[in-house]
1. Given R₀ = 60 Å, what would the calculated FRET efficiency be for S318 paired with E431, taking r from the Cβ atoms and rounding to 0.05?
2. Return the FRET efficiency for the residue pair S179, Q13: r is the Cβ-Cβ distance, R0 is 25 Å, and the value is rounded to the nearest 0.05.
3. For the range 189-294, give me the percentage of DSSP beta bridges that are antiparallel, rounded to the nearest 5 percent.
4. Please give me, ordered by residue number, the chymotrypsin sites (Phe, Trp or Tyr not before Pro) of the range 148-221 that lie in loop per DSSP and have at most 14 other Cβ atoms within 10 Å.
5. Could you pull out the trypsin sites (Lys or Arg not before Pro) across the range 268-351 that fall in loop regions by DSSP (anything but H, G, I, E, B) with no more than 11 other Cβ atoms inside 10 Å?
6. Please give the charge dipole size of the range 375-429, origin at the Cα centre, charges +1 on K and R Cβ atoms and -1 on D and E Cβ atoms. Round to the nearest 20 debye.
7. Is there a pair in K36/K140; K76/K98; K140/K385; K328/K385; K140/K247 whose C-alpha atoms are over 20 Å apart, and which pairs would that be?
8. Answer with one residue from Y189, C153, C48: the one whose Cα lies farthest towards the positive end of the charge dipole of the chain, charges on Cβ with Lys, Arg +1 and Asp, Glu -1.
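Since every read-out is calculated from the coordinates, none of them should be taken as a lab result. Remember, it's a predicted structure, so these values are computed and weren't measured experimentally. So basically every Cβ, Gly included, is an ideal-geometry build from the backbone, and we count neighbours across all protein chains shown.
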Amino acid sequence: MSMTYYIDVYGCQMNVHDSEIISGILESEGFSSTEKPESADVILLVSCAVREHAETRVLGRASQLGGQWRDRKSGKPLIVLCGCVAQEHGNSLFARLKDLDLVVGPDCYRDLPALIRNSERESAVDFRESDYTGIEPVRKEFPRAYVTIMRGCNNFCSYCIVPYVRGRERSRNSDSILSEIAALSRSGYGEITLLGQNVNSYHDGDTSFSELLRKAASAAGNSWIKFVTSHPKDLGNETVSVMASEKNICEYLHLPFQSGSDTVLRRMNRGYSVQEYLDRIALLRDAMPDIVLSTDVITGFPGESEADFQKTVDLLESVRFDNAFLFKYSERTGTAACSLENPVPEAERLSRLNHLQELQRKITVEESGKLMGKTLSILITGPAKQPGQQASRTEGNRMVILEGTDFSPGSFVDVRITRADGWTHFGEPVENSAIR
Ligand code: 5AD
Ligand code: SF4
């Protein structure tokens with residue numbers, strides 16, 4: 001009988017796609033997936049180490065799962081910790097979690113079937129995988145798909161653990177990326193997101209990111225192309241002009257600025273100034289007046305003064321992002337920022353975070369409100385939470401809910417926005433709207 005596995009994912013889109021790669025590896029070796037952890041032979045947790053909170057959550061879950069089976073007579077499932085926390089702590093996790101069986105880092109997923117069959121307590125955390133070329137991911141979402149274009153990061157922003165747990169930057173071969181995109185488009189995927197820690201530094205021989213983007217647009221046919229994450233220091237003019245000229249590249253960009261103060265940006269090792277960031281935004285808006293922009297910000301980085309923080313507030317107010325992901329600074333052992341002077345007290349990090357959240361909520365509501373009565377093209381993604389409703393996304397990644405419609409997932413529909421509630425909107429199909 002084939003072994004069954006259950007998989008749970010924490011963290012970013014890269015982890016979500018890694019779990020699809022893990023499924024691809026396991027299923028090609030005869031494993032089959034189950035939605036029920038209690039009946040699985042193997043439970044895999046794909047973990048995130050970017051902030052302490054994420055790490056605590058996944059370790060808590062691993063320990064709770066282990067405890068659940070301790071008193072049972074029937075065999076306990078194998079518990080496997082995958083991902084960035086596995087890479088970060090390696091072997092030492094066995095002492096902390098007595099029911100944990102395997103620890104497998106992001107570059108060792110090809111070993112999973114053998115490690116599982118061995119069923120020894122083992123860790124595999126070497127940096128040896130380039131990019132999982134040749135593995136057919138088992139995609140769990142339709143009609144939205146992820147395609148990895150590069151893995152790892154060389155930037156060493158001083159707060160960030162990613163370069164330590166995901167290793168150095170490597171770009172995937174462009175031909176294999178383009179054929180994957182073409183195949184997804186032929187199978188009806190309406191949205192294809194190119195993934196990498198720093199997509200702008202993609203490089204395969206002579207193929208730069210902007211080149212890849214142009215070719216991706218034509219390989220994708222009518223499907224939308226999005227990409228994450230961009231780094232302000234590497235976002236080139238050429239990329240902006242490809243975005244503006246290629247119809248199916250979404251006019252949407254996630255461009256983290258992290259702090260509005262030049263001194264803080266320098267200590268973060270970000271490689272750009274506030275003015276350079278604002279110049280990028282101006283360039284983007286010149287080329288695409290309706291572009292939807294989102295960002296990431298950290299509050300309470302070591303040494304961030306009240307005046308530095310005020311500059312972050314000013315930047316958030318002046319750019320007016322459509323959406324922002326706001327975080328309070330979290331120490332990550334081994335990163336350069338841990339040894340910086342003048343840590344900001346936890347309570348202050350939190351109160352600055354709350355301040356930004358309130359401000360951004362207001363901006364998001366105001367910007368969404370401007371869409372009332374407008375007609376937007378949306379991609380139907382599936383049923384919404386409430387019965388009788390369907391969910392969809394705009395090219396700018398906004399969620400739009402439709403009531404009483406019955407479109408098939410993957411359809412593009414033109415809708416008029418009737419109500420907005422922050423990032424969630426409600427809309428009704430425009431009569432005779434062309435469905436592609
Ligand atoms: N503390 C808080 N936020 C962090 N991020 C990365 N590392 C940390 C950290 N140590 C945030 C950054 C990044 C996003 C993915 O997570 O804003 O852009
Ligand atoms: Fe971390 Fe900076 Fe690399 Fe992003 S660019 S993964 S924040 S080191």
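1. E between S318 and E431, to the nearest 0.05, is 0.90.
2. Working: r = 21 Å, r/R0 = 0.85.
Between S179 and Q13 the formula returns 0.70.
3. 20 percent
4. On the way: sites: F156, Y159, Y164, Y189, Y202, F209; in loops: F156, Y159, Y189, Y202.
Hits after loop and neighbour filter: F156.
5. none
6. Details: 5 positive and 6 negative charges, 30 e Å.
For this selection, approximately 140 debye.
7. K328/K385; K140/K247
8. The residue sitting farthest along the positive end of the dipole is C48.
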